[in-house]
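None of the figures in this text is laboratory data; all of them are computed from the coordinates on show. Since the model is a prediction, treat every value here as computed from it, not as a measurement. Because the Cβ atoms are built from the backbone with ideal geometry, glycine has one as well, and the counts that use them run over all protein chains shown.
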Amino acid sequence: MGTAAPTREALALHGGTPVRSSLLPYGRQSIAEEDIQAVVDVLRSDWLTTGPKVDEFEEAFAAWVGAAHAVAFSSGTAALHAAAFAAGINAGDEAITTPLTFAATANCILYQGGTPVFADVRTDTLNVDPQQTADRVTSRTKALLPVDYAGHPADLDSILEIADRHGLTVIEDACHALGAEYRQRRVGSISHMTVFSFHPVKHLTTGEGGMVTTSNPKFADALRKFRNHGISSNARDRQREGQWHYEMVLLGFNYRLPDIACALGLQQLGRLGANVARRRAISARYSAALREMPGVIVPRIADDVLPAWHLYPIRLECSRLSAGRAEIFRALRAENIGVNVHYIPVHLHPYYRVRFGYKGGEFPNAEAAYESLISLPMFHGMTEDDVADVISAVEKVTQHYAA
Ligand SMILES: Cc1ncc(COP(=O)(O)O)c(C=O)c1O
């Protein structure tokens, strides 16, 4: 393991020996003993949910990203839904987003009765194109939802400028980008609302979980009510004050993140800087090794950002390879490299095709990117040997299929 494969070695797909004996996943959590202890301590305490750990996690998270407020949710999807609510998206409204994302980014607009309007991506960073975004603004547009694809911040200043011009709210989907920097500012402190996910493959995990950060107290207030049935106070405050009275003032949901999860998140936050640094080191090693391999295009990084590297997506230059993406994908999996594809463009999913009449061909940049993308394993717990295995496998497979 860990050494470059000789040119003519048989692919595992064709019966050869795989580069690794066991599968390396594309993403994985890292759990330390102190994480386990923190969760156990909560299990022994009075509050399993909506207790002191929620406030502690939110305050520490807000401070880390440099926002005035952070509001925790039961998932990134719930956090997106709440942000769409707080932005005032309602029936008949539109919000503009990228097709090259996880469906949840667009679905949150539908949850509020609005219509997702897609704008195509740039061909370099694969983030939404600001010009295409501006071209799609109408009198019905309420919000813009850029996604920091793979952890590379979108063109946030351009998008905020479009929003300013038209009185729109920017909800940045930073589910890939915790720890990223844009023009020397941390993601989470830039857009009107920024949404994060704490799924196990992310930079920090709470099992399931999410967060919205904002510097606007009105948004923070709406977000807090929305995650708690639309009720204006929480059970712990009422107990502390000896009160039973509460008022439901808007139609909300139960989107609360329990103290058990917040205790885990708080511990993980202590290692966030190190996790992001490790992902940057892995990506630097990948890019240095893969950049010269024929048929492989490494991710492009703009000069004014520091990506957080949730994903490391390569693009295949199929004209230089004798096989398509599907076969290369299968060959890498056979080498026990847990590759993945991010993303099937949202408008091509059957639900969107049937409901909105998409047929394919509407967003050529996103569709062309999708046809060539493969995400290599990327998680902060990867060892140097793991990284070497991935590089060896990509070299072995692309050399085999060199056109
Ligand atoms: C871009 C993007 N948005 C939203 C989500 C939803 O987050 P969650 O899985 O925490 O609901 C994800 C999840 O991976 C994502 O990648």
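Relative to the longest principal axis of the C-alpha atoms of the chain, give the angle of the C-alpha long axis of helix 384-400, reported between 0 and 90° and rounded to the nearest 10°. Helix 384-400 and the main axis of the chain meet at about 50 degrees.
Can you give the translational diffusion coefficient of the stretch 100-156 in µm²/s, computed by Stokes-Einstein from the Kirkwood radius over Cα pairs at 4 °C and 1.567 mPa s? Stokes-Einstein gives a translational diffusion coefficient of 108 µm²/s.
Basic side chains Lys and Arg get +1 at the Cβ, acidic Asp and Glu get -1 at the Cβ, and with that the dipole of the stretch 1-83 about its Cα centre reaches some 660 debye. When peptides 159-170, 240-251, 177-188 are ranked by their average number of other Cβ atoms within 10 Å per residue, the highest-first order is 177-188, 159-170, 240-251. Specify whether the C-alpha gyration tensor of the stretch 16-144 places it in the rounded, prolate or oblate class, a ≥ b ≥ c being the square roots of the eigenvalues: rounded for a/c under 1.5, otherwise prolate if a/b is larger than b/c and oblate if not. Taking the square roots of the gyration eigenvalues as a ≥ b ≥ c, the stretch 16-144 is oblate. Applying 1/(1 + (r/R0)^6) with R0 = 41 Å to the Cβ-Cβ distance of Lys359 and Asn90 gives a FRET efficiency near 0.90. Checking every one of the GluC sites (Glu not before Pro) in the stretch 276-334 against DSSP loop status and a limit of 15 other Cβ atoms within 10 Å picks out Glu292, Glu317.
What net charge is computed for the residues neighbouring Tyr149, neighbours being all others with C-beta under 10 Å from the C-beta of Tyr149, Lys and Arg scored +1, Asp and Glu -1? Around Tyr149, the charge tally is -1. If R0 is 45 Å, the Cβ-Cβ spacing of Ala281 and Arg140 corresponds to a FRET efficiency of close to 0.50.
Summed over qualifying helices (DSSP H, 4 residues or more, each -39500 (n - 2.57)) and divided by its residue number, the chain shows a 222 nm mean residue ellipticity of -11500 deg cm²/dmol. Over the stretch 307-403, the pair-distance histogram of Cα-Cα distances with 5 Å bins from zero comes to 2, 12, 20, 20, 17, 13, 9, 4, 2, 0 percent, rounded to whole numbers. Largest mean-square fluctuation among Ser189, Ser287, Ser45, in a Gaussian network model of the chain whose springs join Cα atoms under 10 Å apart, belongs to Ser45. With a cut-off of 19 Å on the backbone N, the residues of the stretch 206-226 near the modelled label site 7 Å out from Ser45 along Cα-Cβ are 206-211.
Per q in 0.31 1/Å, what log10 I(q)/I(0) does a Debye calculation on the alpha-carbon atoms of the stretch 9-61 return? Computed log10 I(q)/I(0) values: -1.16. Past the 19 angstrom mark, what percentage of all C-alpha to C-alpha distances in the stretch 76-225 do you count? Every Cα pair in the stretch 76-225 considered, those over 19 Å come to 46 percent. Here the chain carries DSSP beta bridges of which approximately 60% are antiparallel, counting only pairs with both residues inside. The residues packed around Arg278, meaning those with a beta-carbon under 15 Å from its beta-carbon, carry a net charge of +3 if Lys and Arg are +1 and Asp and Glu are -1. Comparing Cα centroids, the stretch 326-403 and the stretch 232-311 end up 23 angstrom apart.
Against the chain, whose longest principal axis is taken from its Cα atoms, helix 76-86 shows a tilt of about 50°.
Taking the Kirkwood radius as Rh and the Cα radius of gyration as Rg, the stretch 171-248 has a ratio of Rg/Rh equal to 1.09. Note down the net charge around Asp93, summing +1 for each Lys or Arg and -1 for each Asp or Glu among other residues with Cβ under 10 Å from its Cβ. It works out to a net charge of +1.
For the chain, modelled as a GNM whose springs connect Cα atoms under 10 angstrom apart, the maximal fluctuation among Asp303, Asp35, Asp259 occurs at Asp303. Each DSSP beta bridge with both residues in the stretch 124-238 is either parallel or antiparallel, and the antiparallel ones are about 50%.
What is the helix-to-structure angle for 259-269, meaning the angle in degrees between its Cα long axis and the longest Cα principal axis of the chain, kept from 0 to 90 and rounded to the nearest 10? With both axes taken from Cα atoms, the answer is about 50 degrees.
On a per residue basis, the convex hull of the C-alpha atoms belonging to the chain measures out at 139 Å³. Counting beta carbons within 10 Å around each of Val354, Val201, Val394 and listing the fewest first gives the order Val354, Val201, Val394.
Ranking Met211, Thr17, Ile282 by how far each Cα lies toward the positive end of the dipole of the chain (charges on Cβ) leaves Thr17 at the top. Only lysines eight or more places from Lys53 in sequence, or on another chain, were considered; those with a Cα closer than 25 Å are Lys202, Lys218, Lys225. Convex hull volume of the C-alpha atoms in the stretch 201-322, normalised per residue: 180 Å³.
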